[in-house]
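The values are calculated or read from the model by the stated rules, or taken from the named source; none is laboratory data. It should be emphasised that the depicted structure is a prediction, and the values quoted were computed from it without experimental measurement. Cβ placement follows ideal geometry from the backbone for every residue including glycine, while neighbour counts extend to all protein chains displayed. Each accessible area value is taken on the protein alone, full model and side chains, heavy atoms only, with ligands, DNA and RNA left out. Shrake-Rupley method; radii C 1.70, N 1.55, O 1.52, S 1.80 Å.
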Amino acid sequence: MTISKADEPWKAARSLGDLAAATIEFLEGRLPETPLHGGPPHSESSPLIPSLVAMKRAGFVTTDSQPGWMDESTRCTQRAYVEGICNESTAAKITEDLLAEDLVVISFSPGSDVYSSIAVTVDQGSPFTFLGRWSVDELDHLRNGHTQLDADLDAAWALQIFDPTWARNDRFWPAVLRALAME
C-alpha cells in the first residue's frame with residue numbers, strides 16, 4: 001500500500017488498541033482502506049459493522065468476516081465467520097465463553113503457521129473461502145516499526161470463529177458479542 005494521509009493511523013499505531021481504533025475509522029467510512037483490505041468494506045458487511053466495531057472496542061481486532069447466507073439459484077452459500085487478533089486473556093475468554101455455543105473457535109498461538117482447509121464459502125458449487133489457515137507473516141502488514149506494537153503483534157493470538165451451519169446468521173454475532181461481554 002502506498003503511504004498517504006489516509007495511512008497516518010496505521011503508521012502512528014503503537015498498540016493493538018490503536019489498530020482497533022484505526023479499523024473502526026475504516027468501518028465507519030472515515031478511512032478508505034486498511035493494510036489488509038484495499039477499498040471500502042464490502043456491501044455484505046454493512047449490517048455487521050456495529051458488531052465488528054463492538055468487538056474491536058472489546059479488544060478483539062477483527063481482520064476479516066462474512067455473514068451467513070445462501071443463494072440456491074447460483075449454488076452460493078456462506079458460513080458466518082469472523083477472524084481477528086487479540087491478547088492471550090481475550091483469546092481465552094472468547095474460547096471459554098463460546099464452548100457452550102454451536103460455534104467453532106480455531107485458536108492460533110503466537111508464532112503459529114498452520115495450513116489446513118475448512119470451507120466457509122461455496123461459490124457456484126465449489127469451495128471458495130477457507131479458514132483453518134494462519135501464518136504469523138499475516139501480521140507483517142500491520143507492523144510499522146513501533147516497538148510496543150511489534151511486541152503486541154508478536155504476542156497476539158489469532159482466532160477464527162465460525163458457525164458450522166451454512167447460511168445461518170442469527171446466532172453467530174450475538175454469541176460472539178456475549179463472549180466479549182458486549183451484549
Residue pairs within 8 Å by beta carbon, gap of at least six or interchain, first lying in the stretch 117-130 and under 17 Å from residue 64 (Cβ atoms), second part of a strand (DSSP E or B) and of a type in the set (Gly, Ala, Ser), listed first then second, are 117/132; 118/132; 127/117; 127/119; 128/119; 129/119; 130/117; 130/119
Over the stretch 164-182, the set of residues touching a residue at least 40 places away in the same chain (Cβ under 8 Å) and of a type outside the set (A, V, I, L, M, F, W, C) is 164, 165, 168, 169, 171, 178
| said: Can you say whether residue 155 is of a type in the set (A, V, I, L, M), over 27 Å from residue 46 (Cα atoms), surrounded by fewer than 17 Cβ atoms within 10 Å (Cβ to Cβ) and touching a residue at least 12 places away in the same chain (Cβ under 8 Å), as far as the supplied structure shows? | reply: yes
Within the stretch 97-116, the residues that are of a type outside the set (Gly, Ala, Ser) and either in contact (Cβ under 8 Å) with a residue 40 or more places away in the chain or in contact with a Leu (Cβ under 9 Å, 6 or more places away or on another chain) (or both) are 97, 98, 101, 102, 103, 104, 105, 106, 108, 110
Listed by range, strands (runs of 3 or more DSSP E) wholly within the stretch 1-117 having at least 1 residues that are closer than 21 Å to residue 150 by Cα and either open to solvent by 40 Å² or more (accessible area, probe 1.4 Å) or modelled with pLDDT of 90 or more (or both) are 61-66, 81-86, 104-108
Residue 139 - would you say it is hydrophobic (A, V, I, L, M, F, W, C) and within 25 Å of residue 68 (Cβ to Cβ)? no
In the stretch 155-167, anything part of a loop (DSSP other than H, G, I, E, B) and in contact with a strand residue (DSSP E or B) (Cβ under 9 Å, 6 or more places away or on another chain) is listed as 156, 163, 164, 166, 167
Within the stretch 126-153, restricting to residues that are out of contact with any Phe, Trp or Tyr (no Cβ under 7 Å at 6 or more places or on another chain) and aliphatic (A, V, I, L, M), the one that is nearest to residue 88 (Cα to Cα) is 153
> In this structure, is residue 152 more than 13 Å from the chain's Cα centre (by Cα), part of a loop (DSSP other than H, G, I, E, B) and not hydrophobic (A, V, I, L, M, F, W, C)?
Replying inline: no
Being in contact with a strand residue (DSSP E or B) (Cβ under 9 Å, 6 or more places away or on another chain) and under 26 Å from residue 47 (Cα atoms) narrows 136, 176 down to just 176
Note: among 108, 128, just one is of a type outside the set (Gly, Ala, Ser), under 27 Å from residue 173 (Cβ atoms) and in contact with a helix residue (DSSP H, G or I) (Cβ under 9 Å, 6 or more places away or on another chain), namely 108
All-but-one check, residue 142 against (1) at pLDDT 95 or above; (2) touching a strand residue (DSSP E or B) at 6+ places or on another chain (Cβ under 9 Å); (3) surrounded by 14 or more Cβ atoms within 10 Å (Cβ to Cβ), failing number (1)
